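Where a number appears in this text, it was derived from the coordinates with a stated rule and is not lab data. Treat the numbers as computed from the prediction; the structure is a model and nothing was measured. Note that each Cβ is placed from the backbone with ideal geometry, even for glycine, and that neighbours are counted across all protein chains shown.
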Amino acid sequence: MDATGLFTEAYGTAPAGVWQAPGRVNLIGEHTDYNDGFVLPMALPMGVRAAVTRLAEDRVEVVSRQRPDERVTFAPSGLAPGSVPGWAAYVAGVFWALRNAGHKVGGARVAIDADLPRGAGLSSSAALECAVAVAINDLYELGLPVDGLAPLAREAENAYVGAPTGIMDQSASLRCREGRALYLDCRSLAAGQVPFDLAAAGMRLLVIDTRVKHRLADGDGGYAQRRAECERAAGILGVPALRDVEDLDAALRTLDDPVLRRRVRHVVTENHRVNATVGLMRAGAFAEVGALFNASHISLRDDFQVSAPELDVAVEAAIRGGARGARMTGGGFGGCAVALLAAERADPVREAVTSAYASRRWKTPRFWEVTPAAGARRLDPA
Ligand code: GLA
């Protein structure tokens, strides 16, 4: 990634600084964040870089290496939800959210470069928001702690872009630490850093990209519909959020609607799986986590119904190839799966997934072996 080079090409001067924010892969805890539950993401080595300089004028200029023909300019004082369309909406949304929260933020020049695939469910949009948010926080000397930036970056996505996502992705991009998974309580936003040294345990984490695009904003009602179903179920059960369901059997008896029963069963059991995973990881029992991955996938497939054939085939083939466990990760309906495996199974697992796709004449899947990376930060000057 070379955001500095792009900045210099576009604006003829060097940037004031470069900030980087990672994408994330969620280990477990899917569709729990907007139910006030628990998640366990880790930051990816891939992410987004923003080279930025303050401008005295009421003007933000944005260029992106990935969209060379689309230079975007907007006035921060004139922003209203949706006023900047397309990819730059994630940038404009951050300016809007910060100003909306009363922070004195003016103009800037921004150059973006990314090595994270877009639409693969690895939080490329949150990485873009968070790279811009940490840059503006520093350049405008707002003094906001990173924990405080996550809700603002989420606000950019929810209220400005219009994608009704939870708090996981922005929290992961901002708060993750190298070598650790982030155990986040999405109600209190309290977080624990869970050591995740896979190599020492002879294990690997493989991200499998189905190459089926997933979308969370308009056009795909699946995500918003799941949110609405969860809220409806919580209302019927008389709890603030599904996180508060303590007696699952009693809750299932109370609900007449079989669809709502499935949704509730997923959310309640998934929260337990997150907590069980953290317990096993803290005990260094990484291989045992595999069974929880498998159970999570089945729950997402059958009860929450957000999987896709390409995800199911990837998961089944990975397990056949010798993975200890595998599951879809992220919002679903496409995107990526994640598999946990012993180091010596890396090749057989890739081969099993690749040949399962080839025999169906699907696009060739992509793979990344990943370790937990650091959260958003300013990079040292080159
Ligand atoms: C998407 C959303 C997150 C979360 C996941 C599902 O990634 O952006 O907030 O809801 O889906 O766990």
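Miscellaneous remarks
- Entry note, the chain: relative contact order of 23 percent, from Cα contacts under 8 Å with a spacing of 6+ residues.
- Comparing Asp185, Asp257, Asp113 in a Gaussian network model of the chain (Cα springs below 10 Å), the most mobile by mean-square fluctuation is Asp257.
- Taking the chain as a Gaussian network of alpha-carbon nodes connected by springs under 10 Å, the highest mean-square fluctuation of the residues Trp96, Trp19, Trp362 belongs to Trp362.
- Amide H partners (placed H, <5 Å) of Ser307, local residues excluded: Phe333
- Percent of alpha-carbon pairs separated by more than 22 Å within region 111-189: 22
- Assigned charges on the beta-carbon of Lys, Arg, Asp, Glu; region 92-161 dipole about Cα centre (debye): 220
- Each residue of region 22-28 was assigned a 3J(HN,Hα) from its phi angle through the Karplus curve 6.51 cos²θ - 1.76 cosθ + 1.60 (θ = phi - 60°); the sequence is x, x, 9, 10, 8, 6, 6 Hz, with glycine and proline shown as x.
- Cα centroids of region 8-43 and region 147-225: 8 Å apart.
- Most mobile of Pro151, Pro164, Pro309 in a GNM of the chain (Cα contacts under 10 Å): Pro309
- The charge dipole of region 197-369, taken about its Cα centre with unit charges on the Cβ of Lys, Arg, Asp and Glu (plus for the first two, minus for the last two), comes to roughly 460 debye.
- Spin-label model, Val239 to Asp380: label points 7 Å out along the Cα-to-beta-carbon direction sit 4.8 nm apart.
- D_trans [Stokes-Einstein, Kirkwood Rh over alpha-carbon pairs] for region 238-382, 4 °C, 1.567 mPa s, µm² s⁻¹: 76
- Selection from Gly93, Ala120, Leu40 lying farthest towards where the dipole of region 1-120 points positive, charges on Cβ: Gly93
- Coupling constants for region 284-289 follow from the phi torsions by the Karplus curve (6.51 cos²θ - 1.76 cosθ + 1.60, θ = phi - 60°), and in residue order they are x, 8, 4, 4, 5, 5 Hz; glycine and proline get x.
- Against the main long axis of the alpha-carbon atoms of the chain, helix 146-155 sits at an angle near 90°.
- Under a model in which nothing but the beta-carbon of Lys, Arg (+1) and Asp, Glu (-1) is charged, the chain shows a dipole of about 420 debye around its Cα centre.
- Gyration tensor over alpha-carbon atoms, the chain, equivalent ellipsoid semi-axes in Å: 34, 25, 19
- In region 3-193, the alpha-carbon atoms span a convex hull of 107 Å³ per residue.
- Diffusion coefficient of region 14-103 by Stokes-Einstein, Kirkwood radius over Cα pairs, 25 °C, 0.890 mPa s: 158 µm²/s.
- Charge dipole of region 197-369 about the Cα centre (unit charges at C-beta), most positive-ward option of Ala201, Asn271, Thr254: Ala201
- Rounded to 10°, Cα long-axis angle of helix 346-359 versus longest principal axis of the chain: 90
- Whole-Hz Karplus values for region 228-245 come out as 5, 5, 4, 5, 4, 4, 4, x, 4, 7, x, 10, x, 7, 5, 4, 8, 6 Hz, taken residue by residue from phi with 6.51 cos²θ - 1.76 cosθ + 1.60 and θ = phi - 60°; glycine and proline positions read x.
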